[in-house]
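Encoded as structure tokens, the structure appears first; notes follow it.
The values are calculated or read from the model by the stated rules, or taken from the named source; none is laboratory data. Note that the structure is predicted; figures quoted are calculated from it, not measured. Here the Cβ positions follow ideal geometry from the backbone for every residue, glycine too, while neighbour counts run over all protein chains shown.
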Amino acid sequence: MSRAAAIVLAVVSWYAGVAAAQPDDARALLAKYVAWRGGPRFEALQSVHERGQVRIGEVDGTYERWLGRDGRLRENLSLGPLQEAEAVTASSNWTTNASGQLEELGDHGQEDRRAIALAFADLGRPERGFSCQLAGTEQVDGRSWTIVRLTFGGADTYDLLLDAATGELLGERITQDRATRFVRYGDWREISGIRMAFEQQVTRSNPGGDENRRVMAVDVNPVLDAALFAPPPPRQSWAFARGRRSTGWLPFEFFNNDQIFVQATVNGHPTTLVLDSGADITILDKATALSLGAQLSGALPVAGSGGQSTMQLAPHLDVQIGALALHDITAGVIDLSTLAAQLEHPLPMILGKEVFNQLIVDIDFQHHRIAFHQRGPDAIPSGAVRVPLGRHGENRTVPVSIEGRQAVDFDFDLGSNSPLMVYPSYRDSAQLLAGRRQSRGLSAGVGGLFRPAVATLKSVSIGGLSVANVPADFPDPADSSLNSDRMGGNIGLPVFSRFRLLTDYARDAIWLVAEPGALAQSFSRNRAGIIAQPAGDRLKVLMVAPGSPAEQGGWKEGMEIVAIDGRKIDASYRKSDLSHWAAQPAGTRVSLQLADKSTKDLVLADYY
């Protein structure tokens with residue numbers, strides 16, 4: 001959560017991205033700001049230690065932060081059962097996740113370093129690598145504020161709202177990776193001749209996630225002990241049964257050929273969990289958490305592909321998968337019922353990257369079996385192709401080439417049942433939809449449903465291994481978390497299921513073993529254009545895809561289907577072959593009976 005919180009001190013931080021214009025005027029106003037903060041004393045500031053109270057969502061907690069002019073940052077955050085820490089130096093960065101595991105910060109570390117470099121207002125040094133310009137004025141609280149926009153040469157922007165006469169700072173509007181937050185400062189006080197803001201309010205462009213910080217104490221120029229920035233000893237949160245280094249092969253349900261469901265126990269209670277490498281935190285369905293008697297607290301904001309939601313926290317969970325025990329896991333608790341209904345499968349638990357961080361996860365899709373191994377050279381089969389893993393915030397990434405283009409990083413996400421999601425920035429820069437036949441789909445994520453454009457890509461390659469005719473989602477810029485100018489998109493389980501896959505996060509790699517038969521298999525796709533949800537003895541039409549056979553046949557949202565080719569819909573529909581009726585080959589004629597006893601025929605076709 002400390003990475004989602006703004007890393008803004010009472011000492012101002014900046015981060016930006018536009019070409020310089022009117023630099024003399026902008027720098028003159030920045031000089032007024034430096035003078036307003038304390039002039040030579042502010043410029044001589046070397047370090048700050050700050051302690052205070054924080055409220056994120058509906059959770060109250062405390063924080064402590066150290067910042068050094070030499071490029072070091074350390075923050076401890078305590079939000080009920082959630083205890084996190086992070087540190088950044090000129091050469092390294094680390095963080096702890098919700099379950100106490102040690103991770104690298106990825107590109108958040110670079111963001112922090114830039115913020116640190118500008119926090120101490122070394123604005124007269126061109127070697128700092130930023131440029132600035134005036135960007136108009138804004139009226140706030142009946143006053144006019146001049147905007148100074150700073151940049152480091154990228155797409156991100158950092159606006160300072162300053163009083164043109166005095167240099168007073170109202171706040172900062174920061175846009176990083178297409179997400180914007182506004183940090184407003186108040187209750188300025190002088191500490192050793194330097195103005196410090198004792199109130200910091202953060203509002204975000206996405207609903208939820210707002211944060212309030214109240215500084216209780218500030219020390220200027222404290223000595224920063226090097227031990228503050230050293231990572232804690234790695235915490236091993238797993239154990240195998242005595243004498244074992246692996247679970248051996250365990251069966252899994254490959255539901256709809258795009259979700260991995262594994263039998264497990266949670267705090268001794270049998271349950272089923274879905275494996276999701278893209279989940280930053282393990283998630284429990286709220287009804288499941290209550291049935292387990294889990295102790296719940298708080299209500300933190302969370303962003304998902306379907307929009308914004310909130311989650312409570314459930315600490316001290318023990319998860320057993322075969323011979324593997326995962327200890328003391330802190331899970332987020334969310335109502336997953338809507339997502340479960342859209343997936344057409346119960347969804348009591350999503351096991352996130354806690355299991356990926358410290359073990360090799362070996363998935364044999366063709367035989368529907370999985371194994372968890374302790375790391376060692378014998379865990380990787382001969383002939384496996386190594387694909388490097390990068391980092392995008394809390395996510396891991398893989399390089400992906402689309403139709404022979406230069407490879408770009410995509411988020412690696414085994415929890416996604418979309419073969420490929422292409423984010424708006426890369427979609428537009430690569431002109432991927434230009435002249436391509438397309439329609440609209442309906443997808444589910446944390447936060448609800450969204451309707452991305454859909455189209456087919458001729459080929460997608462990972463590590464030199466290619467799959468053909470890949471259906472892809474193209475979410476709109478407004479689709480919450482699915483909007484980045486640093487990533488090409490998100491690559492999901494239907495692509496990786498063409499291989500035997502091994503993940504090895506500790507060595508920043510995944511390994512792929514080609515399965516020729518699987519590589520040649522076509523991807524499942526909806527050829528009717530009807531997206532419907534089971535509801536007892538019928539299917540309720542949620543969406544009719546543009547340009548599809550259903551749209552051409554006059555189908556409308558809200559219609560109800562009670563039988564398909566004479567077979568009635570019943571409680572077994574979700575797990576029967578009948579549920580795949582819309583994915584039959586193009587040219588197949590399907591007879592659909594409606595609730596009003598009328599019958600409509602559809603001829604299936606590839607419409608995107």
### Message
Can you find, within the range 169-206, the residue that is farthest from the chain's Cα centre (by Cα) among those that are among the hydroxyl-bearing types (Ser, Thr, Tyr) and part of a strand (DSSP E or B)?
### Response
Tyr185
### Query
Out of the range 381-421, which residues are among the basic types (Lys, Arg) and over 18 Å from Gly106 (Cβ atoms)?
Arg386, Arg405
### Query
Has the range 507-527 got any residue that is under 23 Å from Leu442 (Cα atoms) and either touching a Gly at 6+ places or on another chain (Cβ under 9 Å) or at pLDDT 95 or above (or both)?
yes
### Which numbered condition Thr166 fails, given (1) out of contact with any Lys or Arg (no Cβ under 8 Å at 6 or more places or on another chain); (2) among the polar types (S, T, N, Q); (3) surrounded by fewer than 15 Cβ atoms within 10 Å (Cβ to Cβ)
(1)
### Summary
When (1) surrounded by 20 or more Cβ atoms within 10 Å (Cβ to Cβ); (2) at pLDDT 95 or above are applied to Ala331, the one that fails is (2)
### Task
Take the range 391-414 and flag every residue that is surrounded by fewer than 22 Cβ atoms within 10 Å (Cβ to Cβ), farther than 26 Å from Ser92 by Cα and in contact (Cβ under 8 Å) with a residue 12 or more places away in the chain.
Ser401, Glu403, Gly404, Arg405, Ala407
### Query
If a residue has to be part of a strand (DSSP E or B), among the charged types (D, E, K, R) and buried (at least 21 other Cβ atoms within 10 Å of the Cβ) to count, how many in the range 29-54 make the cut?
1
### Task
Report yes if some residue within the range 467-474 is out of contact with any strand residue (DSSP E or B) (no Cβ under 6 Å at 6 or more places or on another chain) and either buried (at least 20 other Cβ atoms within 10 Å of the Cβ) or among the basic types (Lys, Arg) (or both); otherwise report no.
no
### Task
Within the range 172-183, identify whether any single residue is touching a helix residue (DSSP H, G or I) at 6+ places or on another chain (Cβ under 8 Å), in contact (Cβ under 8 Å) with a residue 24 or more places away in the chain and within 27 Å of Gly39 (Cβ to Cβ), and answer yes or no.
no
### Message
Could you tell me how many of the residues in the range 32-73 are within 21 Å of Arg204 (Cα to Cα) and either of a type in the set (D, E, K, R) or more than 31 Å from the chain's Cα centre (by Cα) (or both)?
### Response
3
### Query
Of the residues that sit in the range 565-591 and are within 39 Å of the chain's Cα centre (by Cα) and farther than 30 Å from Leu457 by Cβ, which one is modelled with the highest pLDDT?
Ile569
### Query
Which one of these does Gly517 not meet: (1) within 32 Å of the chain's Cα centre (by Cα); (2) closer than 30 Å to Val398 by Cβ?
(1)
### Message
With the requirement that a residue be in a loop (DSSP other than H, G, I, E, B) and small (Gly, Ala, Ser), what does the range 231-245 give you?
### Response
Ser237, Ala241, Gly243
### Query
Does Leu228 meet the test of being more than 21 Å from Gln342 (Cα to Cα) and assigned to a helix (DSSP H, G or I)?
yes
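Conditions tested, residue by residue: (1) polar (S, T, N, Q); (2) modelled with pLDDT of 95 or more.
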{"site": "Asp479", "(1), (2)": "no, no"}
{"site": "Phe496", "(1), (2)": "no, yes"}
{"site": "Leu501", "(1), (2)": "no, yes"}
{"site": "Gln552", "(1), (2)": "yes, yes"}
{"site": "Ile561", "(1), (2)": "no, yes"}
### Task
Kindly indicate whether any position in the range 308-318 is part of a loop (DSSP other than H, G, I, E, B) and within 23 Å of the chain's Cα centre (by Cα).
no
## Note on the structure
Of the residues in the range 544-574, those that are surrounded by 13 or more Cβ atoms within 10 Å (Cβ to Cβ), farther than 22 Å from Arg451 by Cβ and without any contact (Cβ under 8 Å) to a residue 12 or more places away in the chain number 1
## Note on the structure
Leu433 fails exactly one of (1) surrounded by fewer than 20 Cβ atoms within 10 Å (Cβ to Cβ); (2) modelled with pLDDT of 95 or more; (3) under 21 Å from the mean Cα position of the chain (by Cα), namely (3)
### Query
For residues in the range 415-436 being of a type outside the set (Ser, Thr, Tyr) and without any contact (Cβ under 8 Å) to a residue 24 or more places away in the chain, which is farthest from Thr282 (Cα to Cα)?
Gly435
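Conditions (1) among the hydroxyl-bearing types (Ser, Thr, Tyr); (2) closer than 24 Å to Val355 by Cα; (3) touching a helix residue (DSSP H, G or I) at 6+ places or on another chain (Cβ under 7 Å), marked per residue:
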| position | (1), (2), (3) |
| --- | --- |
| Thr397 | yes, yes, no |
| Phe410 | no, yes, no |
| Asn417 | no, yes, yes |
| Val422 | no, no, no |
| Ser429 | yes, no, no |
| Leu432 | no, no, no |
### Of residues in the range 447-475 being within 16 Å of the chain's Cα centre (by Cα) and part of a loop (DSSP other than H, G, I, E, B), the one modelled with the lowest pLDDT
Gly447
### Message
Given the condition of a type in the set (Asp, Glu), more than 29 Å from Pro231 (Cα to Cα) and assigned to a helix (DSSP H, G or I), answer yes or no: does some residue in the range 118-140 qualify?
### Response
yes
